[in-house]
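S.K.: Got a structure here, written out as structure tokens. Questions coming.
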Amino acid sequence: QVQLVESGGGLVQAGGSLRLSCAASGRTFSTYVIGWFRQAPGKDREFVTGITRNGGTTYYADSVKGRFTVSRDNAKNTVFLQMNSLKPEDTAVYYCAAQIRFTVPTAPNGYDYWGQGTQVTVSS
């Protein structure tokens, strides 16, 4: 099992940047693919980005391509989400999720382990 804790959320003006972190417990972190999802009020949880176990391959939703960057440091059991050029429509609770797989699921039901989420609010 793995436990996930997100941090780094907050309030930022449009055009600004935030860096989210997802810290994981356990000695087998490198065996998990990690996904970031977000959920705005009244909307379904949506895939934002994902990263393979060794960090060699990343995936992004079209809405964040070119603005968001996901990375991981397996030695520190942490995944990062750098968010630049933020827009008001990026406002949501952001979650990281983990699963032992070779591929990165883009659906929430592809993950067994979730963090508690961190709020990101982008003002216009």
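S.K.: Does Gly66 fit the bill of being on the phi > 0 side of the Ramachandran plot and not polar (S, T, N, Q)? I'd like the intermediate steps shown before the answer.
M.R.: On the way: on the phi > 0 side of the Ramachandran plot: yes; not polar (S, T, N, Q): yes.
Yes: the conditions hold for Gly66.
S.K.: Give the residue, chosen from Tyr59, Tyr94, that is more than 18 Å from Thr118 (Cβ to Cβ) and part of a strand (DSSP E or B).
M.R.: Details: Tyr94 fails: more than 18 Å from Thr118 (Cβ to Cβ).
Within the list Tyr59, Tyr94, the selection yields Tyr59.
S.K.: In segment 107-117, how many residues are surrounded by fewer than 15 Cβ atoms within 10 Å (Cβ to Cβ) and either assigned to a strand (DSSP E or B) or aliphatic (A, V, I, L, M) (or both)?
M.R.: Step one: filter segment 107-117 for residues surrounded by fewer than 15 Cβ atoms within 10 Å (Cβ to Cβ), giving 107, 109, 112, 116.
Next, only the ones that are either assigned to a strand (DSSP E or B) or aliphatic (A, V, I, L, M) (or both) stay: 107.
Looking only at that region, the number is 1.
S.K.: Turning to a different aspect of this structure: Which residues, taken from segment 55-82, are small (Gly, Ala, Ser) and under 18 Å from Ala107 (Cα atoms)? First the steps, then the outcome.
M.R.: To start, the set of residues in segment 55-82 that are small (Gly, Ala, Ser) comprises 55-56, 61, 63, 66, 71, 75.
Answer for segment 55-82, where residues must be small (Gly, Ala, Ser) and under 18 Å from Ala107 (Cα atoms): Ala61, Ser63.
S.K.: In the set Gly42, Gly16, Gly35, which member is open to solvent by less than 30 Å² (accessible area, probe 1.4 Å), of a type outside the set (Val, Ile, Thr), at pLDDT 95 or above and assigned to a loop (DSSP other than H, G, I, E, B)?
M.R.: Numbers: Gly42 fails: open to solvent by less than 30 Å² (accessible area, probe 1.4 Å); Gly35 fails: assigned to a loop (DSSP other than H, G, I, E, B).
Every option except Gly16 fails the conditions.
S.K.: OK, next. Report, by residue number, each residue of segment 45-56 that is in a strand (DSSP E or B) and open to solvent by less than 60 Å² (accessible area, probe 1.4 Å). Walk me through it before giving the result.
M.R.: Restricting attention to segment 45-56, the residues satisfying the condition of being in a strand (DSSP E or B) are 46-51.
Listed by number, the residues that qualify are Phe47, Val48, Thr49, Gly50, Ile51.
S.K.: For segment 62-74, indicate whether the set of residues that are open to solvent by 60 Å² or more (accessible area, probe 1.4 Å), in contact (Cβ under 8 Å) with a residue 40 or more places away in the chain and not hydrophobic (A, V, I, L, M, F, W, C) is non-empty.
M.R.: No; the residues of segment 62-74 include none that is open to solvent by 60 Å² or more (accessible area, probe 1.4 Å), in contact (Cβ under 8 Å) with a residue 40 or more places away in the chain and not hydrophobic (A, V, I, L, M, F, W, C).
S.K.: Among Val104, Val93, Val120, which is over 14 Å from Gln39 (Cβ atoms), aliphatic (A, V, I, L, M) and either in contact with a strand residue (DSSP E or B) (Cβ under 9 Å, 6 or more places away or on another chain) or surrounded by 15 or more Cβ atoms within 10 Å (Cβ to Cβ) (or both)? Before the answer, list the steps.
M.R.: On the way: Val93 fails: over 14 Å from Gln39 (Cβ atoms); Val120 fails: over 14 Å from Gln39 (Cβ atoms).
Answer to the check: Val104.
S.K.: Return only the number of the condition from (1) surrounded by 15 or more Cβ atoms within 10 Å (Cβ to Cβ); (2) in contact (Cβ under 8 Å) with a residue 60 or more places away in the chain that Gln82 does not satisfy.
M.R.: With (1) surrounded by 15 or more Cβ atoms within 10 Å (Cβ to Cβ); (2) in contact (Cβ under 8 Å) with a residue 60 or more places away in the chain applied to Gln82, the lone miss is (1).
The values are calculated or read from the model by the stated rules, or taken from the named source; none is laboratory data. Only a predicted model underlies this, so the values are computations on that prediction, with no experimental measurement involved. As a convention, Cβ positions derive from the backbone with ideal geometry for all residues, glycine included, and neighbour counts pool all protein chains shown. Ligands, DNA and RNA are excluded from the accessible area calculation, which covers all protein heavy atoms including side chains. Shrake-Rupley method; radii C 1.70, N 1.55, O 1.52, S 1.80 Å.
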